[in-house]
Protein chains: 2
Amino acid sequence: MAEPVTVAVDANGADLGPREVAAAAAIAAARGTRVLLFGPAAELGDVPDGVRVVDAPVSIAKAPDPVAAVRSTPEASIVRAARAVGAGEADALVCGGATGAAVAAGVFNIKRARGVYRPALALPLPIPGAPILLLDVGANVEVRPEHLVQFAFMGAAFGRAVLGLDRPRVALLSNGEEPTRGTPDLVEAHEEIAARAAGVSDLDFVGNVEGTQVTEGAADVVVTDGFTGNVALKLIEGVSGTVLRAIRDVATSSARGKVGGALLRPALRGLRDQIDPEGPGGAYLLGLRRIGVVHHGRFTRYGISQAIAVAERGVRERAVERTLAVLEAAGALRRSVSASPASVSTPS
Amino acid sequence: MAEPVTVAVDANGADLGPREVAAAAAIAAARGTRVLLFGPAAELGDVPDGVRVVDAPVSIAKAPDPVAAVRSTPEASIVRAARAVGAGEADALVCGGATGAAVAAGVFNIKRARGVYRPALALPLPIPGAPILLLDVGANVEVRPEHLVQFAFMGAAFGRAVLGLDRPRVALLSNGEEPTRGTPDLVEAHEEIAARAAGVSDLDFVGNVEGTQVTEGAADVVVTDGFTGNVALKLIEGVSGTVLRAIRDVATSSARGKVGGALLRPALRGLRDQIDPEGPGGAYLLGLRRIGVVHHGRFTRYGISQAIAVAERGVRERAVERTLAVLEAAGALRRSVSASPASVSTPS
């Protein structure tokens, strides 16, 4: 049997409270994952074999400035969980709530993988019939072209290693399909990705996609900056919710509509399961030395246990190593700083 | 009775062909609008009183590079229509299809209004229960903070003059509600708008909105750069279409669902009318010396006649003059170049 994987989990990031996270840890433990659970031991209740509680009662889940809180609160449960991963006591990190805190805790304690400029948050969107992995959804509000280039290969490598995508179709999100559309930075990234993707077989770069194509299955991995990605994912959430509400409203506005709605309900339940955001476990923090998965604060034990399962799969499938191998094959790794020490020590 | 308004209309921008545009012109003429119709006279058929055909058979509607085509094709119908507006032969422009061509034809021939940095395309989104005006949706892929500041006041002034919004709530689209969220340019624009809006009663600046809030009625006018705006509007189109299709698919996947769907259909038809994009007539080209309205290429005569009606309303309500007055009251007009000739003639 394979060596068990240990996942460090922050118990303080769920709206339903630390006990819900403990329940998720128990589900994961029953599947054979070892969980290091960082949270208020007094509130966590009994845990089964396979879950070890580390008493870490300090929570920064509600801090107004999560990044500052990560810096100033080394005893916070999320920081301690990330530190355990950085120190090799656990193989991957699972936390929830504010993604800013997750990114900061990861960057400071797990550290960026060698040759990666910036970590990215990749969110799997369970679009019916055409799921996509969207990145970056908020780790980097401003990016340079070389960051977008890395995101493309990082997203593709993760999709291949963990999400079962054979040769992911990767696209850049833009305001038109032509390679010349978009900001100058985006056009430059497009050229770079096209040139570098030609040399690797791990992905199929399909160019630009527009907003309409995001939900139409035009690509498996959609790459953008963290500002546009964050706006996009929240628009997708907002618009789908609004359309579903509008339909429910018309369905309940007449007797005839009510009967129709009732007849449709079982079929709609299947659709709802298909687009359940808890299924994919949350957003994936890519580009660090180990995998991180950030579940939504409102997830239940099911979604959080899925986050732990994805983290474990990332470890077993060696997602970090395979990502770096793809970046290297594409010539997209940052050139080593140590190769030119003068640029570090001498102000120019 | 008020002086009739003359609208210059390009007949070559509709997917259904020039005759559909001629039919729209006839609808507008029946309402008392004068239409100068630029298109292939031989294909336009008979037109009623109030419509004057100007034979302009050259179309650049399918040109691969619309902006280049506008520059290189002075005889194109869209360019001639815009020129007629610039020369004062018509009071407003209506055209369809590629917005790039519309913006270029407008900027070159109608010219920017004095003190306006950049024109913007504002699109009314018929979200059920919470319609919004989104700008810029594609005229400017890259913007500076002062452009966003002008867009905020331009959108609000147009909403007030033409769309019947009393004191529009104006917001910036960002990746978080806090004023510090977003790119540095966006944060700067936020500060500027907040400071300048305090001095004018024409709008209520409500700060940042996230993607989820766009469809929730948090603002009447949502301001962003043309890249993000274009991605956003196409996402809204794509996601709403995908959700409706998914529901139709489950409704037709079982006998029970089919009966339910049939019972719901009449109520859904009402919803469809409410969100019909043809109702608001298309996107509004703001910041020129006269009003422009750009209908979607796939619009029918109904939507195109709505575009003409909005253009006429803009003229009657003196939207351009009122926009400039608001920009002036807010201190948001570009400082006149002629006021400091040294800065033009002397390189610094």
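The values are calculated or read from the model by the stated rules, or taken from the named source; none is laboratory data. Every value quoted in this text rests on a predicted model; they were computed, and no experiment measured them. Using ideal geometry, Cβ is built from the backbone for each residue, glycine included, and neighbour counts are taken over all protein chains shown. We work out accessible area using only protein heavy atoms, side chains counted, and drop any ligands, DNA or RNA first. Shrake-Rupley method; radii C 1.70, N 1.55, O 1.52, S 1.80 Å.
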Subject >> GNM result for chain A, Cα springs below 10 Å: residue of A:155, A:32, A:261 fluctuating most strongly >> reply: A:261
Subject >> Where trypsin sites (Lys or Arg not before Pro) fall in DSSP loop in segment B:48-156, at most 12 other Cβ within 10 Å >> reply: B:62, B:114
**OP:** For every other residue with a beta carbon closer than 13 angstrom to the beta carbon of residue B:75, add +1 if it is Lys or Arg and -1 if Asp or Glu, then tell me the sum.
**Re:** +1
Subject >> Within a Gaussian network of chain A (alpha carbon springs, distance under 10 Å), most fluctuating of A:94, A:293, A:239 >> reply: A:239
Subject >> Net charge, residue A:173 excluded, C-beta distance under 12 Å - Lys, Arg +1, Asp, Glu -1 >> reply: -2
Subject >> DSSP-assigned coil residues among GluC sites (Glu not before Pro) in segment A:69-156, each with at most 10 further Cβ atoms within 10 Å >> reply: A:75
Original post:
Taking residue B:258 as the anchor, which lysines have their alpha carbon closer than 16 Å to its alpha carbon, excluding any fewer than eight residues away along the same chain?
Top reply: A:258
Original post:
Which value, in Å² and to the nearest 10, is the accessible area of residue B:204 when all protein chains are kept and the probe is 1.4 Å?
Top reply: 60 Å²
Original post:
Leaving out ligands, DNA and RNA but keeping every protein chain, what accessible area does residue B:53 have, in Å² rounded to the nearest 10, with a 1.4 Å probe?
Top reply: 50 Å²
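Any idea what the relative contact order of segment A:10-154 is, in percent, if you count C-alpha pairs under 8 Å spaced at least 6 apart?
17 percent
Take every Cα pair under 8 Å in chain B that's 6+ residues apart, average their separations, divide by the length, and report that relative contact order as a whole percent.
In percent, rounded to a whole number, it is 22.
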Original post:
When only C-alpha pairs under 8 Å and at least 6 residues apart count, what is the relative contact order of segment B:115-270, in percent?
Top reply: 28 percent
